[in-house]
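Bear in mind these aren't lab numbers, they're just calculated from the coordinates by the rules spelled out. In this text, all values refer to a predicted model and were calculated from it rather than measured experimentally. Every residue, glycine among them, receives a Cβ derived from its backbone with ideal geometry; neighbour counts consider all protein chains shown.
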Amino acid sequence: MFMANGFPSHRPVRVSRIGITIFALTAGFTMGAYATEPSIAAGQPGIGGAETSPGLSLCATEETVVFSCRTVGKKAKLLSLCGSKVLDEKTGYIQYRFGQPGNVELEFPKEKQNTQSAFRYSRYTRPLATYLELQFSLGGYQYSIREDYNAEETPPVKEASIEVSRSADDDSAAQSVTLRCRQPVMGSLMTLEGVVPRSD
């Protein structure tokens, strides 16, 4: 089941807007020494390049902020993709973290070995538009982080979000919860081009 913030909780909660009650369990733990890092410009118009902002990352000072944002809503949380300073398809690590500084509710993967293979990356581009997505699976749920830019609209639209849904082999796969990110975001998913395996 999902909490009001849209993520699995150990307590049953009814999510009336999608008409289901989903039960799940995620490990909560505390991590320290979190700070922000300069943002990573992706070299693509409209994608990434946000200014560093205090409290906008769950990454440690010795890590690179690959992507990070604060969710929309009264109980806003941070969503961060943190990586080692040296990161490519065979070297370093990348981890997804969700929560608040000093109270990380979810970290994936827990270990820092062979992390790149735990994610799948996709990119669709056309003139004036770029759509990026990073996916991973955990505990029967599919997590999809998206970063979109569309200059075909006036004014241009920049959006980022995370969707949590049942894995594809579950009968309730169509049910999902989406959390939107406040703009601007730090970094860009495009940083993972060539680092994380592409989706089939």
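Mind checking the full-extension length gain between T61 and E193? Use 0.36 nm per residue of separation minus the Cα-Cα distance, one decimal, nm.
45.2 nm
What is the fewest-to-most order of C69, C82 by other Cβ atoms lying within 10 Å of their Cβ?
In increasing order of surrounding Cβ atoms, one gets C82, C69.
If R0 is 35 Å, what FRET efficiency do you get for N114 and Q175 from their C-beta distance, rounded to 0.05?
My answer for the efficiency is 0.70.
Less than 20 Å apart at the alpha-carbon level, and either on another chain or at least 8 residues along: which lysines does that give for K90?
Straight-line reach from K90, under 20 Å: K110, K112.
So, in nm, how far is label R126 from label E153 when the simple model puts each one 7 Å beyond its Cα toward the Cβ?
1.5
From the Cα trace of segment 54-200, what convex hull volume per residue do you get, rounded to a whole Å³?
Convex hull volume per residue, Cα atoms: 134 Å³.
Give, in nm to one decimal, the length gained when the segment between S84 and N103 is fully stretched (0.36 nm per residue of separation minus the Cα-Cα distance).
Working: separation 19, 0.36 × 19 = 6.84 nm, distance 2.06 nm.
Stretched out fully, the S84 to N103 stretch lengthens by 4.8 nm.
Under 21 Å Cα-Cα from K158, which lysines qualify once same-chain neighbours fewer than 8 residues away are excluded?
K77
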